[in-house]
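Data block below; observations after.
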Amino acid sequence: MKRILLPIIIVALVALVGVTNFLVLEDLTDISTKTVPLAVGPTTGDDLSDRPLVRIGVVSRFAPNVIYAGYQPIMDYLNHEGTRHYELQLSTSYQDAVDRLRQGQVDASFLGAWIFGHLESGEDLLPIAAPLNEQGRSEFHAVLVTRAASDLTSISQLEGRKVALPSPQSWSGNWLQTNGLADVGLSVADLDSIHHFDHHQTVVWQILRGNFDAGVVKESVAAKFRSEGLRTVAVSQAIPGPPLVGRRGVDHVVLEEISRLLLVLDPDHPADRRLLESWTPEFSLGFTAVDRRQYQDAFQPERANR
Amino acid sequence: MRVSGVVPQGLRARILLTVGLTATVIMMLMSWSMLYSWRGSLVLQEKTNAQAVSRAFSVAVIDALIFADQDLFQSEGFLGNYVDLFMAQNPRLRAITILDPAGSVVARSWHRTDPPWVTGSLEELLRIDRPLSTITRTPEGPWVLETVLPMRTGERGWGVLVLAVEADSIRHQIRRNFTLLASFSMAVTSGMLLLLWLMLSRLLGSLRALVLAMDTVDFTARPIPVLPYRRDEIGTLYKHFHIMQQRVEQSRDDLMKAQHQVWHAERLAAIGRLASGLAHEINNPLNGIRNCIYAIRADLDNRRQTAEYLDMMDEGLTHASGVIKKLLGFARKQQAGMGPVDINEPVEAVQRLVAFNLGRKKITLEMNLEPDLPLVSADRQLIQEVIMNLLLNAIDAVQESGFIRVATLSRDGEVILEVNDRGHGIEAGQIDQIFDPFFTTKKAGEGTGLGLSISLGIVQAHGGSLGVTSEPGVETTFTISLPAADFEDGTEVEEETKP
């Protein structure tokens with residue numbers, strides 16, 4: 001009996017190991033995840049359909065998804081704090097944004113400073129607000145950028161180079177031809193070529209990929225891609241910030257609500273600061289009221305030259 | 001059932017069982033904990049990957065939905081093409097479904113017919129505000145990892161993207177790793193047990209060698225055999241066993257010396273007991289010699305008488321000298337030696353020594369010695385000492401004019417010597433103690449109490465036995481049995497051990 005006891009125990013142990021391993025394997029291969037309590041999504045949208053719809057247009061300076069990422073938080077804020085249902089409306093070009101506004105397809109629109117300043121008759125449009133910069137002024141610059149490894153250090157070296165620009169209806173798309181080159185005694189003819197792209201970020205990618213020697217974009221876009229190897233070569237003079245413009249035919253209560261809600265935001269107030277910091281950097285310092293004359297004055301020389 | 005009846009009693013089996021069981025349990029627990037932890041990581045990684053893929057795909061989908069929202073083009077065909085291309089580029093994808101915020105299907109892979117959804121109902125899917133991945137087994141059999149990604153820009157919802165990825169490969173990977181780890185654990189455990197078995201075999205082999213050495217140790221061997229040298233604990237055990245052997249040998253030598261001293265002391269004590277009889281035996285011839293000297297002095301010229309008395313004096317001196325010679329022969333501390341002994345010879349020698357003591361008490365000694373007894377292998381001196389002790393005890397036990405009978409005989413290969421006295425006998429309560437050292441019924445100074453104890457030791461050392469029967473007030477009989485020896489081939493003496 002004693003002689004077979006040890007083998008019996010060993011066999012029993014092996015059997016025990018086998019059975020437990022089998023059970024463990026069954027449990028191990030059951031990878032089904034437990035039911036997770038489902039989150040409740042935002043309920044704001046439930047009430048918006050009952051409110052009067054206000055469409056807000058945006059010039060096509062960015063790709064549609066980038067525009068939504070940058071401007072939808074402002075719509076969300078207006079929907080939360082306002083009494084209407086604010087909705088973004090894209091445009092296919094800068095001019096299209098102006099046309100939609102004038103034609104009543106949108107009630108207000110984020111326009112470019114250049115195109116607003118160059119409107120022949122802008123009496124029907126009313127600037128509501130424009131974003132502030134770090135100096136607390138509503139100004140921005142266009143900047144000439146190139147790759148970090150490029151030998152380009154000034155505008156005067158652009159001779160014979162390929163330059164990428166954004167929309168010809170934007171300040172960034174015009175500064176070089178109207179001011180930048182002339183200041184150093186060059187003209188467009190001295191360049192190898194100029195090519196306009198729809199969006200600022202497309203200009204950046206073209207430069208980073210080496211397709212162009214330099215380009216002009218908004219300074220906020222240049223700052224965003226600085227860590228990706230983009231270097232600023234020159235900076236334009238300051239021009240008024242891109243305005244949010246309303247149409248005079250729109251109910252003034254609507255425009256007043258938009259103006260009030262945007263201008264009340266105070267970057268020094270903690271709650272407002274938290275909200276603004278969640279927005280795109282271009283709008284993270286709040287807004288200020290602007291006047292049409294600021295834009296007319298800023299682009300008067302150009303207008304006179306045209 | 002008792003535990004001791006289940007657990008093997010062998011040291012090797014018990015160690016192997018204990019270590020094997022412990023190692024198996026530890027390896028199993030380690031393997032399982034590693035596998036469970038690894039499974040968690042794998043599932044989490046798969047979910048993360050699925051959500052990353054979903055997010056990547058959602059960028060294009062949101063763009064398309066935005067364009068559709070802006071009435072720039074119809075999204076259905078555009079997105080359907082997206083879905084098909086994406087499915088073709090990702091073989092693990094099983095299904096893609098794009099829902100608008102109202103829950104209507106905008107686009108989906110052609111071979112998917114949902115609902116039911118794995119994650120929850122359509123209403124629940126539309127309310128999810130963060131990516132959610134669920135793994136489950138579909139009713140059709142295969143396992144799927146379904147990821148639900150709410151597509152939002154700020155608070156603007158574009159709908160829900162649902163991606164189903166096959167999850168059977170996860171299970172296969174888990175099973176493969178389990179097999180690998182289980183095999184590794186078994187191999188490690190088996191290897192460890194094999195190594196342990198080999199070590200135990202070597203260790204127990206050494207112990208068995210030690211046990212064998214202990215069983216076969218020869219204390220008479222010179223020098224004492226030394227076990228093989230080892231550096232480990234077994235070697236220490238060997239070394240200390242050798243030291244113990246030496247100490248036992250030393251103790252044995254000391255004991256033998258002490259024993260011989262005791263024997264010699266007891267012999268001297270027996271001589272003391274003989275002294276009174278011997279003194280009388282010597283005194284008689286001395287008195288005769290003195291009388292002869294008086295007679296010679298009284299008639300110095302009588303040469304015939306002088307010659308006659310001188311002969312008588314010589315005879316007396318010869319007798320006294322013989323007595324002293326016998327006494328010295330008994331008292332001399334001789335070197336012990338084994339040899340063939342006819343037991344009748346020491347009996348007769350002792351008879352001659354105690355004849356004076358017998359005569360003083362007028363004791364009748366009947367000698368019934370069987371002639372031609374087989375020889376025994378014995379130390380004659382020691383056997384003679386035993387017989388002397390028994391006869392003196394018998395003389396002390398009987399009254400004046402008492403009776404003692406000494407008989408020898410051969411029976412069943414043994415030589416038997418009986419000493420019977422018709423004395424006062426031994427009390428029943430004392431008969432079990434008479435062989436104890438220092439037990440005596442005599443008065444102080446008349447006995448050492450060692451005589452019978454030493455006699456028993458001597459007889460037993462010769463391979464024999466010493467017994468006693470007694471009837472108080474009637475008689476006492478001591479019986480010595482010694483094995484008869486065969487000295488025909490001359491080997492018996494060499495093979496006998498010294499007592």
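The figures follow:
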{"quantity": "Shape category assigned to chain A from the gyration tensor of Cα positions, a/c cut at 1.5", "calculated": "oblate"}
{"quantity": "Antiparallel DSSP beta bridges within the protein assembly as shown, percent to nearest 5", "calculated": "80"}
{"quantity": "Inter-chain shielding of A:14-23 (mean C-beta neighbours from other protein chains, 10 Å cut-off)", "calculated": "3"}
{"quantity": "Proximal aspartates and glutamates relative to B:K326, as straight alpha-carbon distance under 16 Å, when same-chain residues fewer than 8 apart are discounted", "calculated": "B:E281, B:E345, B:E348, B:E385"}
{"quantity": "For segment B:337-499: lysine pairs under 24 Å (alpha-carbon distance), excluding those fewer than 8 apart on one chain", "calculated": "4"}
{"quantity": "Integer Hz, Karplus 6.51/-1.76/1.60 couplings in order for segment B:143-156, x for Gly and Pro", "calculated": "8, 10, 10, 9, 10, 9, 10, x, 9, 9, 10, x, 9, 7"}
{"quantity": "Inter-label distance for A:T232 and B:T479, nm, one decimal - labels placed 7 Å from Cα along Cα-to-Cβ", "calculated": "13.3"}
{"quantity": "Phi to ³J(HN,Hα) by Karplus 6.51 cos²θ - 1.76 cosθ + 1.60 over segment A:146-161, Hz, x for Gly, Pro", "calculated": "8, 6, 4, 8, 6, 8, 6, 10, 7, 5, 4, 8, 6, 4, x, 9"}
{"quantity": "Kirkwood-based Rg to Rh ratio, chain B, C-alpha trace", "calculated": "1.61"}
{"quantity": "Environment charge at B:N284 (Cβ cut-off 13 Å; Lys +1, Arg +1, Asp -1, Glu -1)", "calculated": "0"}
{"quantity": "Chymotrypsin sites (Phe, Trp or Tyr not before Pro) within segment B:19-107: DSSP coil, no more than 16 neighbouring Cβ in 10 Å", "calculated": "B:F73"}
{"quantity": "Cα gyration tensor, segment B:359-442 - rounded (a/c under 1.5), prolate or oblate", "calculated": "oblate"}
{"quantity": "Label-point separation in nm, B:Q460 to A:S93, each point 7 Å along Cα→Cβ", "calculated": "13.3"}
{"quantity": "Beta bridges per DSSP with both ends in segment A:142-237, % antiparallel, nearest 5", "calculated": "60"}
{"quantity": "Cα shape, the protein assembly as shown, gyration tensor, a/c 1.5 rule", "calculated": "prolate"}
{"quantity": "Estimated FRET transfer efficiency (B:F184, A:T33; beta-carbon r; R0 35 Å; 0.05)", "calculated": "0.80"}
{"quantity": "Partner chain coverage, peptide B:120-129 - average Cβ within 10 angstrom", "calculated": "3"}
{"quantity": "Residues whose placed amide H lies under 5 Å from that of A:V217, excluding near-sequence neighbours", "calculated": "A:V143, A:V145"}
{"quantity": "Theoretical ellipticity at 222 nm over the protein assembly as shown - DSSP helices of four or more residues, -39500 (n - 2.57) apiece, nearest 500", "calculated": "-16500 deg cm²/dmol"}
{"quantity": "Span-like helix ranges in chain B, DSSP H, alpha carbon extent 30 angstrom or more, Kyte mean at least 0.0", "calculated": "B:11-69, B:168-215"}
{"quantity": "At R0 = 35 Å, FRET efficiency that the Cβ-Cβ distance of B:D71 and A:S121 yields, to 0.05", "calculated": "0.80"}
{"quantity": "Hits among aspartates and glutamates - C-alpha to C-alpha of A:K162 under 16 Å, sequence gap 8 or more where chains match", "calculated": "A:D151, A:D190, A:D192, A:D213"}
{"quantity": "Under 5 Å, built H, 5+ apart or other chain: amide partners of A:L191", "calculated": "A:G160"}
{"quantity": "Karplus-derived 3J(HN,Hα), 6.51/-1.76/1.60, for each residue of segment A:20-28, Hz, glycine and proline x", "calculated": "5, 4, 4, 4, 5, 4, 4, 6, 5"}
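Throughout, read-outs are computed from the coordinates displayed, never taken from laboratory work. These figures come from a predicted structure and were not determined experimentally. All Cβ positions, glycine included, derive from the backbone under ideal geometry; neighbour counts span all protein chains shown.
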